[in-house]
Amino acid sequence: MLVRCLYASRPTKPFSGADLDRILEQSRKNNPPQGVTGLLCAADNLFLQALEGGRDEVCELFNAIVRDERHSNVRLLVFEEISARRFGTWTMGQVSIERVNPALLLKYFRRAELDPFECSGQASLALLSELVDNASITMRND
Ligand SMILES: Cc1cc2nc3c(=O)[nH]c(=O)nc-3n(C[C@H](O)[C@H](O)[C@H](O)COP(=O)(O)O)c2cc1C
């Protein structure tokens, strides 16, 4: 049983590249043994993360992430059973929203800005899917 989970949250304080690296480092260590893959999109004032894997593994990780004090206002946007992964290439891929083409943001959102708190979960998911197709994803530290 594979599932996909998409959530958005707010950093509790301004985070640096080093803070982000620390999260990605933890993901790279913990996710492979659990068979979890995904994508983390970080902007100044938000995180948007997709997690894919077995239901138990994704739920356990999501529970841990919700308790993490580095962010708050965690909002579950999508939780669905899937037949195949969309973000299976990365132990945790990373995308900087500042580098995303504004035209791509306009395709899915009211303005050329990512606001997963105000739009449907499926719109945010579609954006992430398109970023995968456009090869906009990087793996830091690798
Ligand atoms: C936005 C965000 C995304 C995170 N994503 C992951 C993740 O994909 N995998 C992971 O193991 N930890 C992730 N974490 C960290 C977890 O909340 C938690 O600190 C970590 O799993 C604990 O791992 P440790 O016991 O090895 O220190 C994330 C934290 C934040 C704030």
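Since every read-out is calculated from the coordinates, none of them should be taken as a lab result. This is a predicted model, so every value here is computed, not measured. Here the Cβ positions follow ideal geometry from the backbone for every residue, glycine too, while neighbour counts run over all protein chains shown.
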Legend entry - DSSP beta bridges in region 1-106 [antiparallel fraction, %, rounded to 5]: 85 percent
Inset, instruction - Starting from the Cα of Ser96, step 7 Å toward the Cβ, then list every residue of region 38-82 with an amide N under 20 Å from that point. - result: 39-50
Inset, instruction - Starting from region 1-83, pick out the GluC sites (Glu not before Pro) whose DSSP state is loop and whose Cβ has at most 11 other Cβ atoms within 10 Å. - result: Glu69
Legend entry - Simple spin-label estimate for Lys13 and Lys29 in nanometres, 7 Å along Cα-Cβ: 2.1 nm
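Under a Cβ-only charge scheme (Lys and Arg +1, Asp and Glu -1), can you give me the dipole magnitude of region 8-83 about the Cα centre, in debye to the nearest 20?
Working: 9 positive and 12 negative charges, 53 e Å.
The calculated dipole for region 8-83 is roughly 260 debye.
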Inset, instruction - Filter the DSSP H helices in the chain by two things, a Kyte-Doolittle mean of at least 0.5 and an axial alpha-carbon span of 20 angstrom or more, and list the hits by number. - result: none
Inset, instruction - Kindly identify the chain as rounded, prolate or oblate by the Cα gyration tensor criterion: order the square roots of the eigenvalues as a ≥ b ≥ c, call it rounded if a/c is under 1.5, otherwise compare a/b with b/c, prolate if a/b is larger, else oblate. - result: rounded
Inset, instruction - Output the peptides 32-39, 98-105 sorted from most to least packed, where packing is the average of other Cβ atoms within 10 Å over each peptide's residues. - result: 32-39, 98-105
